[in-house]
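Here the structure is laid out as C-alpha cells; the discussion comes afterwards.
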Amino acid sequence: MYKAISLAFLIGAFSILSNLNAQHTIVLQSGEKIECVVIGLENDVWTVYKDGKERKVDMKSVASVFFKEYIPYDGKLTDDAQEKTIQADGFTVKYKVKGRTIVEKPRVSLGTEDKGVVVVKITVDRYGNIRSAEPGAPGSTTTSAYLYAKAATAAKSAKFDENMTGPLITEGTITIIY
C-alpha cells in the first residue's frame, strides 16, 4: 500500500511540477541516481535526457524524483528573439530562436523548379536537437506540399547550440527561401 501511495504521489507531483522546466535527479530502486532532464511520462515509462542522449526509465524501477532548479523562461517564441540569416547549400535560411545559435546548418535541397518561402515552426531541446518541425507557419508564401516536405526535412537536419540552463523546449522558426 505504501508503494502505491508513493507512486500516486510521485505521478501527481510530476504532473504539477513538470511545467516548471526543472532539472531532475531520479533515484532508482537499486539506489542508482540519474542526473537528467525529464521530458515526459507516458504509459508508465519516463523519457529522460542524460548527457545528450534519450533514455527510457520504467516507472516500476523509480523510487524518487527530485526537482533541482526553476527556469523562468518557458521557451515560447517571443517577438524579442533576433532573426539571423545564413547560407546553406546555396539557399538563404533565416532562423529565429531566442538565445540559440545554429551549430550545424540545415541540409537544404530542391529537385523542382518551384519557388517560394517556407516558414517552419520548430521546437529545440536543451541539447540543440530539433524535436518537431511544422512547415506552413505565418510568413510562408507557398502552399506547395513538396516544398513543405523539403523544408521540414531540412529544418530537422539543423542543430542548435546546447543550453543546459534554459527551458526544456524552446520554440522558434526556420525560414527557407527557395
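Rule-based calculations on the coordinates, nothing more; no lab input. Keep in mind that what you see is a predicted model, and the values were worked out from it rather than measured. Note that we place each Cβ from the backbone using ideal geometry, even for glycine, and neighbour counts take in every protein chain shown.
Loop only per DSSP, at most 14 neighbouring Cβ atoms within 10 Å: give me the trypsin sites (Lys or Arg not before Pro) in segment 24-114, ordered by residue number.
Answer in residue order: LYS68, LYS76, ARG107.
Give me, ordered by chain and number, the residues 5 or more places off GLN23 or on other chains with an amide H under 5 Å from its own placed amide H.
LYS68, GLU69
Read phi for every residue in segment 131-148 and hand back ³J(HN,Hα) as whole Hz from Karplus 6.51 cos²θ - 1.76 cosθ + 1.60, θ = phi - 60°, with x for Gly and Pro.
8, 8, 9, 10, x, x, 5, x, x, 5, 10, 9, 10, 4, 4, 5, 5, 4
So if I average 1/r over every pair of distinct C-alpha atoms in segment 84-177 and take the inverse, what Kirkwood radius in Å does that give?
Result for segment 84-177, one decimal place: 13.0 Å.
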